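Q: Shown below is the structure under consideration.
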Amino acid sequence: MVNQVKSVLWVDDEAESLEPHRMFLRDKGFHVESVTNAEDAVELVRRRSFDLVLLDEQMPGKRGLDALADLRDIDPHLPIVMVTKSEEDETLTEALGAATAGYLVKPVTPRQVYAIVARLLEGPAIRRQVVSQRFVERFRALQNEDWRSLDWRGWIERYAEIVQWDVDLGDEAETGLQESLRGLLPDLRREFAHHIQREYAGWVGDLSSDRPPLSIDIVQEFLLPVVEEKKAAVFVVVDCLRLDQWRAIEPLLAEVADVETTHYYSLLPTATPFARNALFSGLFPAELASRYPEWWREREDESLNAHERELLEAQLATLGRKIPVRYEKISTATEADDLQRRLGSAILPEGISAFVFNFIDLLTHGRSESAILYEVARDEVALRQLTLQWFRHSALFALLREAARRGITVLLTSDHGSIHCNTPATVFAKRDATMSLRFKFGEDLRAEQPAQALLFRHEEDLKLPKRGSGANTLLAVGDCFFVYPTKLREYQGRYRGSFLHGGVSPEECILPLSLLSPRR
């Protein structure tokens, strides 16, 4: 298919002196027309379409900025670059306020003009070509990767790279290359599960070993140093935020703060009662249940995550720190609106202001129950886009901007991720087995296909509370979700294509941990 020549309209009363500039653009493959006044420009744009307008600000008759408004009425999406002799701040501010696509100050060289025209008209195609070429060059090495040789650092590095490729290819609508990349995921997920089965018990059994940061480390190793240096910090936990979702919203934050991101591993099972309680308490589930049984006891009127503020305060006390704590959980639109109304008082001037945002977790769960949500967030790319749209107008973004405005550092993370599940895995269990779709506890558990799940026979291997005779833990791997033989069709129809968590996959386990430092 032959690329259509891009057309440029140049509006300037000094048309003859600019002929070398127009020739340069024509030599680069652009079709260029010129007029000498704003009235002719408006009439010409009314009769035919252009891809870009170079508009002189100072001409006899109608000013360029006045003509810009007329051109916008004809074509609201037409890119317009203002060209002017004026270097006054007022002119620049007026042009930027009119949403021009660019701004040039005379005298300009032909190459300067070409640079801005090429950026606006060919930039997306050039970026797409560069991203595609870089990925094709890298893809063969990824295909030949020996996943089994990776240690925990290597797994973070490789998974983060694959996530970034997925985001970049998605942004450029390179669906074919994106599908090639995702063809690597089954092998990657399988080998990651083997990595966890080999290493996890050693990590939690010997905290002095060479191990990744875990959920229990976040407050002591990452949050506390910020508070002690800066006197105040905001601690944000976005429930169920995947690494790719973080990569989608990160550029927005880079506009208001300096962003430094590292990664950590969620505790197993990768579910809120275990992973988020570990974040706030600094304890493994077994330690938490033993030390604070009144906060771990599951009751119908109270979730296992009802005492996160108390757990954070208890962890600080155990560490010998007397630090003020403010805690808030945002789960509804009403709570989000209320937070936005009182942002000025929501952040402590000294101490830790902790916030849990549940929107993404509610979205991933609600998607299984709502045909509308399912259609809007059909796959990982759509879920990222929906996350980005939510974040732009969210109380969370408002909170982070307020923290940056007040010069307060933010530590932002997630408690676990989620994975798009498409493969039913039949399990056999007694009646004592729990009902979760990605993890199960019970006395006698087994997967029909052992490769679809990891079996841990001892609670101490996962540092889980004692469960009497039901000591076995079964964790789904890859994109599997558990189904029973007697309810096979019901579970398949209801949960296939759902985003779930609680099992073992890079998407659930490897999480962003980001420091947002206000700019001075």
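Q: Any chance region 476-484 includes a residue that's of a type in the set (Asp, Glu) and over 30 Å from residue 371 (Cα atoms)?
A: No, region 476-484 contains no residue that is of a type in the set (Asp, Glu) and over 30 Å from residue 371 (Cα atoms).
Q: Sticking with this one: Pick from 486, 473: which is crowded, with 23+ Cβ neighbours inside 10 Å, hydroxyl-bearing (Ser, Thr, Tyr) and either in contact with a strand residue (DSSP E or B) (Cβ under 7 Å, 6 or more places away or on another chain) or not in a loop (DSSP other than H, G, I, E, B) (or both)?
A: 473
Q: Go through (1) buried (at least 23 other Cβ atoms within 10 Å of the Cβ); (2) on the phi < 0 side of the Ramachandran plot for residue 225 and report which single condition fails.
A: (1)
Q: Looking for something over 30 Å from residue 375 (Cβ atoms) and among the polar types (S, T, N, Q) - is there at least one such residue anywhere in region 414-424?
A: No, region 414-424 contains no residue that is over 30 Å from residue 375 (Cβ atoms) and among the polar types (S, T, N, Q).
Q: Let me ask something else. Examine region 160-171 for a residue that is at pLDDT below 95 and surrounded by fewer than 19 Cβ atoms within 10 Å (Cβ to Cβ), and state whether such a residue exists.
A: Yes: region 160-171 contains one or more residues that are at pLDDT below 95 and surrounded by fewer than 19 Cβ atoms within 10 Å (Cβ to Cβ).
Q: Follow-up question, since we're still on this one. Tally the residues that are at pLDDT 90 or above and touching a strand residue (DSSP E or B) at 6+ places or on another chain (Cβ under 6 Å), restricting the search to region 458-470.
A: 1
Q: A follow-up question, please. Can you tell me which of 248, 286 is surrounded by 20 or more Cβ atoms within 10 Å (Cβ to Cβ) and either farther than 28 Å from residue 402 by Cβ or under 25 Å from the mean Cα position of the chain (by Cα) (or both)?
A: From the options 248, 286, the qualifying one is 248.
Q: Could you tell me which numbered condition residue 343 fails, if it satisfies all but one of (1) touching a Ser or Thr at 6+ places or on another chain (Cβ under 7 Å); (2) without any contact (Cβ under 8 Å) to a residue 60 or more places away in the chain; (3) aliphatic (A, V, I, L, M); (4) over 24 Å from residue 465 (Cβ atoms)?
A: Only one criterion in (1) touching a Ser or Thr at 6+ places or on another chain (Cβ under 7 Å); (2) without any contact (Cβ under 8 Å) to a residue 60 or more places away in the chain; (3) aliphatic (A, V, I, L, M); (4) over 24 Å from residue 465 (Cβ atoms) is unmet by residue 343, namely (1).
Q: Look through 333, 382, 317, 278 and report the one residue that is within 30 Å of residue 459 (Cα to Cα), without any contact (Cβ under 8 Å) to a residue 12 or more places away in the chain and assigned by TED's automatic domain parsing to the domain that holds residue 236.
A: Answer to the check: 317.
Q: Residue 293 passes all but one of (1) crowded, with 18+ Cβ neighbours inside 10 Å; (2) free of Cβ contacts under 8 Å to residues at least 60 places away in the same chain; (3) not small (Gly, Ala, Ser); which number fails?
A: Every listed condition holds for residue 293 apart from (1).
Q: Which of the residues belonging to region 13-27 are within 45 Å of the chain's Cα centre (by Cα) and either surrounded by 14 or more Cβ atoms within 10 Å (Cβ to Cβ) or among the β-branched types (Val, Ile, Thr) (or both)?
A: Residues satisfying the conditions are 21, 22, 24, 25.
Q: Which of the residues spanning region 134-187 are under 20 Å from the mean Cα position of the chain (by Cα) and among the β-branched types (Val, Ile, Thr)?
A: Across region 134-187, the qualifying residues are 156, 162, 163, 167, 175.
Q: Another one. Mind checking whether some residue in region 85-106 is within 17 Å of residue 10 (Cα to Cα) and modelled with pLDDT of 90 or more?
A: no
Q: Return only the number of the condition from (1) part of a loop (DSSP other than H, G, I, E, B); (2) at pLDDT 90 or above; (3) over 24 Å from residue 204 (Cβ atoms) that residue 410 does not satisfy.
A: Failed condition: (1).
Q: If a residue counts only when it is among the hydrophobic types (A, V, I, L, M, F, W, C) and assigned by TED's automatic domain parsing to the domain that holds residue 403, which helices (runs of 4 or more DSSP H) contained entirely in region 152-241 have at least 2 such residues?
A: Qualifying helices (runs of 4 or more DSSP H): 224-230.
Q: Could you list, in sequence order, all residues of region 388-425 that are surrounded by fewer than 24 Cβ atoms within 10 Å (Cβ to Cβ), out of contact with any strand residue (DSSP E or B) (no Cβ under 6 Å at 6 or more places or on another chain) and not hydrophobic (A, V, I, L, M, F, W, C)?
A: Within region 388-425, 389, 392, 393, 394, 401, 402, 405, 406, 422 qualify.
Q: Taking the condition closer than 22 Å to residue 363 by Cβ and surrounded by 19 or more Cβ atoms within 10 Å (Cβ to Cβ), does residue 281 pass?
A: no
Q: Also, I was wondering about something else. Which of the numbered conditions does residue 432 fail, given that it passes all the others? Conditions: (1) touching an Asp or Glu at 6+ places or on another chain (Cβ under 6 Å); (2) in the same structural domain as residue 222 (by TED's automatic domain parsing); (3) acidic (Asp, Glu).
A: With respect to (1) touching an Asp or Glu at 6+ places or on another chain (Cβ under 6 Å); (2) in the same structural domain as residue 222 (by TED's automatic domain parsing); (3) acidic (Asp, Glu), residue 432 is out only on (2).
The values are calculated or read from the model by the stated rules, or taken from the named source; none is laboratory data. Fair warning: this is a prediction, and the values are worked out from it, not measured in the lab. Because the Cβ atoms are built from the backbone with ideal geometry, glycine has one as well, and the counts that use them run over all protein chains shown.
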